[in-house]
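The values are calculated or read from the model by the stated rules, or taken from the named source; none is laboratory data. The model shown is predicted, which means the values in this text are computed figures rather than measured ones. Here Cβ is always computed from backbone atoms with ideal geometry, including for glycine, and neighbour counts include all displayed protein chains.
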Amino acid sequence: MVDDLPEQLIAQAEFLLREATTNEANVRRSVSAAYYALFHLLIRDAVKNWKHADHHSRLARTFDHKRMKDASTAMLKEGGRAQSTEAANPEQTVRFNLSIVCQNFVELQQARHRADYDVEEAFNPLDAAVHVAQTRLAFGYWAKVKDDPLAQGYLYSLLFKDRS
């Protein structure tokens, strides 16, 4: 398993917008790479919880895009989206930060579908830049909360449906 793949993918997305020729393919690929950066970041951190390192790659392949979107949507419904972290207690701050990650995951997945499959209209480079920035933002918020029990429960829900 390539441990720095999420970082490579977000760097590629940024490169495609900043350095590469601005054409439709590069703009669309930047959105796709941005989504996959967050997708693989969450998977990497989830599989690290499995103590048998020789199973990490195989476990990573069991994650499903729809399940991850459903889990992110459920987390947003369960916790709601906080409006501000001012004067918030630590749990509210974690919920707020995690909600940013979940919301961005859902929005980025939708944007990737548009970029990869909806070729009727040109993809706006400014919209692509916003999606890439959303991914960077999600990386930062995830770094703040990834070890919190709520975030660890979220990682579990990305793979397994809660039957309780």
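Things to note:
- Taken together, the residues in the range 13-22 that are surrounded by fewer than 19 Cβ atoms within 10 Å (Cβ to Cβ) and part of a helix (DSSP H, G or I) amount to 2.
- Of the residues making up the range 18-33, those that are of a type outside the set (Ser, Thr, Tyr) and over 19 Å from the mean Cα position of the chain (by Cα) are 18, 19, 20, 23, 24, 25, 26.
- Residues that are hydrophobic (A, V, I, L, M, F, W, C) and free of Cβ contacts under 8 Å to residues at least 40 places away in the same chain within the range 92-132 comprise 96, 106, 119, 126, 130, listed in sequence order.
- Checking residue 135 against (1) touching a residue at least 12 places away in the same chain (Cβ under 8 Å); (2) surrounded by fewer than 21 Cβ atoms within 10 Å (Cβ to Cβ); (3) among the hydroxyl-bearing types (Ser, Thr, Tyr), the condition it does not meet: (2)
- Among the residues of the range 54-73, at least one is of a type in the set (Gly, Ala, Ser) and modelled with pLDDT of 85 or more.
- Residue check for residue 101: buried (at least 20 other Cβ atoms within 10 Å of the Cβ), modelled with pLDDT of 85 or more, closer than 26 Å to residue 13 by Cα and aliphatic (A, V, I, L, M): yes
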